[in-house]
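For reference, the structure discussed in these notes is given below.
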Number of protein chains: 2
Amino acid sequence: MTKEATEVKDPKIEQEVERQLSVIRMGTAEIVPEDELVKKLRRSIQTHKPLLVKLGVDPSGADLTLGHTVVLNKMWQFQNLGHRVQLLIGDFTGMIGDPTGKSETRKQLTREQVLENAKSYADQAFKVLDPEKTEIVYNSTWLAPLNFSDVIRLTSTMTVARMLEREDFQKRFAGNLPISLHEFLYPLMQGYDSVAMRADIELGGTDQKFNLLMGRMLQKEFGQEQQIAIMMPILEGLDGVQKMSKSLGNYIGINESPNDQYGKTMSIPDELMIKYYELVTDVSVEELEAIRAGLADGSLHPRDAKMRLAREIVTRYHGEEAAKAAEEHFKTVFQQGSIPDNIPEVRLDAGTYWIVKLLTDTNLCPSNGEARRMIQQGGVKINGEKVDSAETQIALEDGMILQVGKRKFAKILLEP
Amino acid sequence: MTKEATEVKDPKIEQEVERQLSVIRMGTAEIVPEDELVKKLRRSIQTHKPLLVKLGVDPSGADLTLGHTVVLNKMWQFQNLGHRVQLLIGDFTGMIGDPTGKSETRKQLTREQVLENAKSYADQAFKVLDPEKTEIVYNSTWLAPLNFSDVIRLTSTMTVARMLEREDFQKRFAGNLPISLHEFLYPLMQGYDSVAMRADIELGGTDQKFNLLMGRMLQKEFGQEQQIAIMMPILEGLDGVQKMSKSLGNYIGINESPNDQYGKTMSIPDELMIKYYELVTDVSVEELEAIRAGLADGSLHPRDAKMRLAREIVTRYHGEEAAKAAEEHFKTVFQQGSIPDNIPEVRLDAGTYWIVKLLTDTNLCPSNGEARRMIQQGGVKINGEKVDSAETQIALEDGMILQVGKRKFAKILLEP
């Protein structure tokens, strides 16, 4: 075959390459380099050999939030495209921890702790990933047997200056904060994991770029085809500004109750909706496009789009039934005349009041006549219960909620 | 015993400490720290337990010069003081070499090459050291079995900034020249050698300070008593300015002939004599003081001091007989009317000349009469041979040396 002949592209294969690419690109921050990814995909399709996708997992034993699922979701998409995915548990690194004891994030763990944490991680990850199609590997398998000569070979591939380009090292070095020499070994270990696994693709957040590229560099050094680094954006939390994190309290946990997940999702800013759809749901490329278009041309109300988002999220972690129930609950409490968070407070002396006088004293009604009319229409509630008669006597309680119509509220605070 | 009681010092022991110190201090550039050395010496004398003195040897297979023997000489002094000395062959480091292949000084060697070079080094070193009292150890014994976790522990003891303080690293970093990460491991290996050997003292040149202190740091890290770093000055070569080295050609090799060693020693500047005595001979502290005093008060002629120095050096490497013979040779050739290095050159056409005309044509004699007189007095030599008759005909040769009296010379250069 001549060179030209080999370059004739099979349209069916190219179509499949394009299809896979559109799924992979969805929500992705960066693909380094995309042309090599295209080649790998094409070969995979031609030879029916799936690509190996790596995701490194720190076995620190955390409860996952939606923020953690961004990469898991991309892994899940790769599973659906027919590729092999491997969760790499950093058990070797975990068991070493930080020998200086200075790093909170690198506590030294026992073998048992590492395995327990790995299991806990997998249990949570399997709410996104297909457990049947997920391989779990441990880096102690290949890192523990390395000897001093191997480590020297590994370290000889990097320069000090290049290592100091990593953002956190750069900042600490510039700020005269100590960097322990062994910290330079961790990125190399992560890179060597890719060599040992012969990874085609490594997933990570954009903050992992340096480490993902280390895998490429080391694979080249070891004479292997280089992996593609696919970086996912950092997911903002409920506040819409800061990275979703437990410590900031702006998170949705994957182990939280359906009602909490639903309600929290409804509280994210509208601008974040599409990003959430892209990064933490399993809607298809086409569905996402339809939602995006609907919001743009006004045919889809943002509230409805957000309710669907909330449903998608709860469905993933608790199933469809639970999602429906959570939506019902939300509608009842928050949409159909539920009590808003902030309502005017009125200070009154303890005692028993005539309902009509109470409604005028609290300014909920402008006059006795108006108060009577609202009661007769069934528009007056006390602590959520309808008041049937305009002659009712009310014994005040601290924190009692008065409601007139859908929008007017008052909370009674008794004078001490 | 009370604390005070333990501090009462035994005068005999203190005297011996002082005696040993004066030997150790002789020619030494720096002792870090000297007070700890005093404690170690005192304990050694009290308990009759010799100190362990370490000297690291790079098995690169070089012929030794007097420059290399400066530390060996100090080792030899420790042997004489009754301490244990260990030559540490860096066979592990040698077999790894520089994986990047960039370093000429760190060529990767086979096991056989390393052992051969080590033997060659020992053979040469035993011209200074007492072979019976010298232990040879190999760092592969303890470095080869280290695994990745051990290396991480080792590297965790150092910071990047501290490592960059080493002069050569600092210069390269500042000059944007690459420093391979594995280069940071070599000082740690050298330091760990001290841990594995439980060295009390490590010897090295002043250029080794960083690495010697690394041994102290790591011993502390591993809960050991810290070694003392004893640094020897760098020996200047024959030019009296630059470090003695093969590549500069300003060296005295320990395998060179007695005549070469003697002659080269006689060519060093007078100002360097004492330093050479201190660093590369086995004269005692007292003898050295006598020589120093003799030179100072003029009772010892510098030439005689230098001849003794040359004798001492040749004796060490070739024995007393050879030293005497070399001295005789030197006297004959260089002192009793030998030919100076730089003599006037005279260009003449090839041919046969009358000796008297030759002496006037070359301006060695002002007149024919003077030329005849000099010949008759036996003061004329051609190529070192006396000319007996004023009638002699000389067939000129290129490079022929004419000599009149003790001081007048000419070299014949034939016109092409």
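Bear in mind these aren't lab numbers, they're just calculated from the coordinates by the rules spelled out. All values reported here derive from a predicted model rather than from experimental measurement. Cβ: placed from backbone, ideal geometry, glycine included. Neighbour counts: every protein chain shown.
Side notes on the structure shown:
- Each principal axis of the Cα cloud of the protein assembly as shown was evaluated for its coordinate range; sorted largest first, these ranges are 160, 94, 47 Å.
- Each principal axis of the Cα cloud of chain B was taken in turn, and the coordinate range along them, longest first, works out to 95, 56, 39 Å.
- DSSP beta bridges fully contained in the protein assembly as shown are about 45 percent antiparallel.
- Amide H within-cut-off set for A:Gln108, under 5 Å, with H built and near neighbours excluded: A:Asp98
- Annotation for region A:138-153 versus region B:349-416: alpha-carbon center distance of 80 Å.
- Longest DSSP-loop-exposure-free segment, chymotrypsin sites (Phe, Trp or Tyr not before Pro), chain B, at most 16 other Cβ within 10 Å: B:223-416
- Taking a point 7 Å out from the Cα of A:Asn80 in the direction of its Cβ, the residues of region A:271-310 whose backbone N falls within less than 18 Å of it are A:274-293, A:308-310.
- With a threshold of 29 Å on the Cα-Cα distance, the over-threshold entries among A:Lys133/A:Lys209; B:Lys39/B:Lys171; B:Lys12/B:Lys220; B:Lys40/B:Lys243 are B:Lys39/B:Lys171; B:Lys12/B:Lys220; B:Lys40/B:Lys243.
- For A:Ile254, the amide hydrogen comes within under 5 Å of the amide hydrogens of A:Leu64, A:Thr65, A:Leu66, counting only partners 5 or more places away or on other chains and with H modelled in the peptide plane.
- Within region A:345-414, DSSP assigns beta bridges of which about 75% are antiparallel (rounded to the nearest 5).
- Sorted shortest first, the separations between the A:Trp354 label point and its copies elsewhere in the assembly read 16.7 nm; each point sits 7 Å from Cα along the Cα-to-Cβ line.
- Within the straight-line cut-off of under 17 Å between alpha carbons, the aspartates and glutamates reachable from B:Lys386 are B:Glu370, B:Glu397, sequence neighbours fewer than 8 places apart in one chain being disregarded.
- Phi-derived couplings, Karplus 6.51 cos²θ - 1.76 cosθ + 1.60 at θ = phi - 60°, listed residue by residue for region B:346-355: 10, 8, 9, 6, 4, x, 10, 10, 6, 4 Hz, with x used for Gly and Pro.
- Once the C-beta distance of A:Ala296 and A:Lys275 is scaled by a Förster radius of 22 Å, the resulting FRET efficiency is 0.90 to the nearest 0.05.
- Residue of chain A with the Cβ closest to the rotation axis carrying A onto B, and that distance rounded to whole Å: A:Val151, 3.
- Other-copy label distances relative to B:Arg292, 7 angstrom Cα-Cβ extension, nm: 8.6
- Paramagnetic reach from B:Ala122 (point 7 Å along Cα→Cβ, amide N under 16 Å) across region B:31-65: B:55-62
- Per-residue ³J(HN,Hα) for region B:78-85, Karplus 6.51 cos²θ - 1.76 cosθ + 1.60, θ = phi - 60°, Hz, x for Gly and Pro: 5, 4, 5, 7, x, 8, 8, 10
- In sequence order, region B:356-367 has phi-based couplings of 5, 5, 4, 5, 7, 4, 8, 6, 6, 10, x, 8 Hz under the Karplus curve 6.51 cos²θ - 1.76 cosθ + 1.60, θ = phi - 60°, and Gly or Pro positions carry x.
- The label point for A:Lys220 and the one for A:Ser267, both projected 7 Å from the Cα toward the Cβ, are 4.7 nm apart.
- On the basis of the beta-carbon distance and an R0 of 45 Å, A:Arg303 and A:Lys171 show a calculated FRET efficiency of 0.60.
- Scanning residues 5 or more positions from A:Met244 or on other chains, those with amide H under 5 Å from its amide H are A:Leu235, A:Glu236, A:Gly237, with H placed 1.01 Å from N in the peptide plane.
- Region B:175-227-region A:256-297 distance, computed between alpha-carbon centres (Å): 58
- For chain A, the relative contact order comes to 14 percent (Cα pairs under 8 Å, sequence separation of at least 6).
- Here the spin labels are modelled as points 7 Å beyond Cα on the Cα-Cβ line, and at A:Lys324 and B:Glu385 they lie 12.8 nm apart.
- FRET efficiency, 1/(1 + (r/R0)^6) with R0 60 Å, evaluated for A:Thr206 and B:Glu112 via beta carbons: 0.70
- Proximal lysines to A:Lys381, defined as alpha-carbon separation beneath 25 angstrom and excluding residues fewer than eight positions away on the same chain: A:Lys331, A:Lys357, A:Lys406, A:Lys408, A:Lys411
- The equivalent ellipsoid of region B:133-188 has semi-axes of 26, 16, 10 Å, largest first, where each one is the square root of 5 times an eigenvalue of the Cα gyration tensor.
- Across the identical copies, how the B:Asp304 labels are spaced - nm, sorted shortest first, 7 Å along Cα→Cβ: 11.8
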